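Please read the structure below before turning to the comments.
The values are calculated or read from the model by the stated rules, or taken from the named source; none is laboratory data. Bear in mind the structure is a predicted one, so any value in this text is a computation, not a measurement. When we count neighbours, we look across all protein chains shown, and the Cβ atoms used for this are built from the backbone with ideal geometry, even at glycine. Keep in mind that these areas ignore ligands, DNA and RNA; they rest on the heavy atoms of the full protein, side chains included. Shrake-Rupley method; radii C 1.70, N 1.55, O 1.52, S 1.80 Å.
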Amino acid sequence: VDVNYNNYRQTNFIPSTVSVATPNGSGSSGNGTATQAQAEQVNTFIQNYLTWDRSFNDKHSLNVILGTDWQITKANAFSASGQGFPDDTYLNNLSSAAVTLPSTGTSDQSSLLSFYLRANYSFMDKYMISFTGRSDASSKFPKANRVGYFPSGGLGWRISQENFLRKVKWINEIKLRASMGYTGTQNIADNLFYTLYSPVSYAGLNGLSPTQLGNPRLKWESTLQKDAGLEFELFGSRLRGEIGYYEKTTSGILFPAAVAGSTGFDQVTANIAKIRNRG
């Protein structure tokens with residue numbers, strides 16, 4: 001279990017003698033402006049896993065790991081301001097302000113629950129197979145798309161262990177490898193799939209105003225990567241190198257997309273793009 005706790009507090013005061021920036025240029029601080037803000041974040045990470053190792057017949061080796069991770073992040077922030085103070089030196093805390101400015105308060109929470117299985121098999125230390133299966137459930141996506149599945153696998157062949165190369169003294173290691181697998185990304189803010197409303201005040205009455213356009217079709221950003229390569233060590237490992245090729249295709253990239261102005265908004269986060277890199 002790993003817990004990270006962060007607490008941030010700030011007190012700021014702008015004296016009456018200082019000009020402040022306004023939409024119309026330089027302006028007055030209104031006989032002094034004070035702000036107090038506090039932010040708190042707690043990040044909890046719980047990991048549990050089982051490992052099984054087995055070697056048999058002096059030829060086969062198998063390693064299996066089964067595990068689960070759970071991560072939850074909670075954050076709270078508060079800010080209050082006041083304007084108009086009797087003096088700039090002593091009576092400049094918020095309780096001395098003539099005018100209390102609108103305060104802000106936010107609260108966020110997100111969680112990620114993962115299950116994974118990893119298996120590595122080796123035969124005579126020459127032929128290697130690996131497999132990883134992973135599922136991730138993120139609170140940042142709607143219920144229908146909350147879980148993402150990301151399998152991957154790889155093959156390896158230590159050619160230098162074959163009989164026809166084992167006696168070649170200037171070859172220390174030659175390994176041919178290939179792999180293919182999926183990874184996922186949830187690097188977006190919380191609750192983007194909800195349409196959100198915020199309280200407003202009009203003519204002394206409370207009301208609600210839409211502040212975020214939600215996208216109920218949000219889903220995981222997924223990347224498929226293929227790799228192949230040749231690793232070598234020659235002349236007593238004095239010469240080492242690797243020749244490889246990769247192709248990475250990312251689909252459903254999470255990015256702000258433009259929407260019609262008639263919605264009252266100018267953008268919404270969506271899975272809108274696909275990119276391929278190779279080299």
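Residue count for the stretch 211-227 satisfying the condition of being assigned to a loop (DSSP other than H, G, I, E, B) and surrounded by fewer than 16 Cβ atoms within 10 Å (Cβ to Cβ): 2. Only one entry of L234, L230, L208, L176 meets the criterion of being over 30 Å from Q71 (Cα atoms) and loosely packed, with under 13 Cβ neighbours inside 10 Å, and that entry is L208. Scanning the stretch 141-163 for residues that are farther than 12 Å from L113 by Cβ, open to solvent by less than 70 Å² (accessible area, probe 1.4 Å) and not in a helix (DSSP H, G or I) returns F141, P142, F150, P151, S152, G153, G154, G156, R158, E162. The residue that is nearest to I14 (Cα to Cα), counting only those in the stretch 42-78 that are among the polar types (S, T, N, Q) and under 26 Å from the mean Cα position of the chain (by Cα), is N76. When restricted to residues that are more than 19 Å from F150 (Cα to Cα) and open to solvent by less than 60 Å² (accessible area, probe 1.4 Å), the stretch 261-279 contains 6.
Looking only at the stretch 164-173, which residues are open to solvent by less than 50 Å² (accessible area, probe 1.4 Å) and assigned to a helix (DSSP H, G or I)?
Here is the first cut: in the stretch 164-173, the ones open to solvent by less than 50 Å² (accessible area, probe 1.4 Å) are 165, 168, 171, 173.
Selection gives L165 alone.
Consider the stretch 179-203 and keep the residues that are touching a residue at least 40 places away in the same chain (Cβ under 8 Å) and β-branched (V, I, T). The one that is most open to solvent (accessible area, probe 1.4 Å) is T183.
Filter the stretch 120-140 down to the residues that are under 30 Å from K59 (Cβ atoms), among the polar types (S, T, N, Q) and open to solvent by less than 50 Å² (accessible area, probe 1.4 Å) and list them by number.
Kept after step one, since they are under 30 Å from K59 (Cβ atoms), are these residues of the stretch 120-140: 120-134.
Restricting the remaining residues to those that are among the polar types (S, T, N, Q) gives 120, 122, 130, 132.
Matches in the stretch 120-140: S122, S130, T132.
I243 fulfils the conditions (1) out of contact with any helix residue (DSSP H, G or I) (no Cβ under 9 Å at 6 or more places or on another chain); (2) modelled with pLDDT of 95 or more; (3) surrounded by 12 or more Cβ atoms within 10 Å (Cβ to Cβ); (4) of a type outside the set (D, E, K, R) except for a single criterion, (3).
For residues in the stretch 255-269 being in a loop (DSSP other than H, G, I, E, B) and small (G, A, S), which is nearest to T195 (Cα to Cα)?
So in the stretch 255-269, the residues in a loop (DSSP other than H, G, I, E, B) come out as 259-260, 264-266.
Narrowing further to those that are small (G, A, S): 260, 264.
Details: A260: 16, G264: 12 Å.
So, considering only residues that are in a loop (DSSP other than H, G, I, E, B) and small (G, A, S), the one nearest to T195 (Cα to Cα) is G264.
For the stretch 140-174, what are the residues that are under 19 Å from A228 (Cα atoms) and modelled with pLDDT of 95 or more?
Within the stretch 140-174, P151, S152, G153, G154, L155, G156, W157 qualify.
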